[in-house]
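Report on the following structure.
The values are calculated or read from the model by the stated rules, or taken from the named source; none is laboratory data. Every value quoted in this text rests on a predicted model; they were computed, and no experiment measured them. We place every Cβ from the backbone using ideal geometry, glycine too, and count neighbours over all the protein chains shown.
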């Protein structure tokens, strides 16, 4: 999974490059996407076994409109991320992309590669799971 500082370094090292977002099924987010929000998502929760947990991520909300000539490049995305430095301070959370294609989904950025066409960010999938299988007896009857 790609972390925020890694993404910033890659953007800086590849100025003015196109950005492509590949969904887990191999399709691409349309090239005219906008990054409409960069969020610090801090989730505090209790798992089904009663253990308090938390997670932190940097969430890039991606949106497409009918302005098909819009293109976000690495320099512009880097500039957007620099405005969020006060949100993350010394933290280096994993980066996720939120995108709506029928339903709103969140995808962890699983890989990054510089290609002749530009910077390719490969989006992965998220899955639910029981975090306390030893307390829930997962295996035959399910969780909780």
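Considering only region 12-35, state which residues are touching a helix residue (DSSP H, G or I) at 6+ places or on another chain (Cβ under 9 Å), assigned to a loop (DSSP other than H, G, I, E, B) and crowded, with 16+ Cβ neighbours inside 10 Å.
Here is the first cut: in region 12-35, the residues touching a helix residue (DSSP H, G or I) at 6+ places or on another chain (Cβ under 9 Å) are 12-19, 35.
Keeping just the survivors that are assigned to a loop (DSSP other than H, G, I, E, B) gives 14-17.
14, 17, listed by residue number.
Restricting attention to region 36-52, the residues that are part of a loop (DSSP other than H, G, I, E, B) and in contact with a strand residue (DSSP E or B) (Cβ under 9 Å, 6 or more places away or on another chain) add up to 1.
Looking only at region 114-129, count how many residues are in a loop (DSSP other than H, G, I, E, B) and either modelled with pLDDT of 95 or more or under 14 Å from residue 94 (Cα atoms) (or both). It would help to see each step written out before you state the result.
Pass one, region 114-129, residues in a loop (DSSP other than H, G, I, E, B): 116-117, 124-129.
After this cut, where a residue has to be either modelled with pLDDT of 95 or more or under 14 Å from residue 94 (Cα atoms) (or both) as well, the list is 116-117, 124-126.
The total comes to 5.
When residue 122 is tested against the conditions (1) touching a strand residue (DSSP E or B) at 6+ places or on another chain (Cβ under 6 Å); (2) under 19 Å from residue 12 (Cβ atoms), the lone failure is (2). When region 53-110 is filtered for residues that are without any contact (Cβ under 8 Å) to a residue 24 or more places away in the chain, over 24 Å from residue 32 (Cα atoms) and not in a strand (DSSP E or B), the ones remaining, listed by number, are 85, 86, 89, 90. If you go through region 2-35 and keep only what is out of contact with any strand residue (DSSP E or B) (no Cβ under 7 Å at 6 or more places or on another chain) and under 14 Å from residue 78 (Cβ atoms), you end up with 5, 6, 8, 9, 11, 12, 13, 15.
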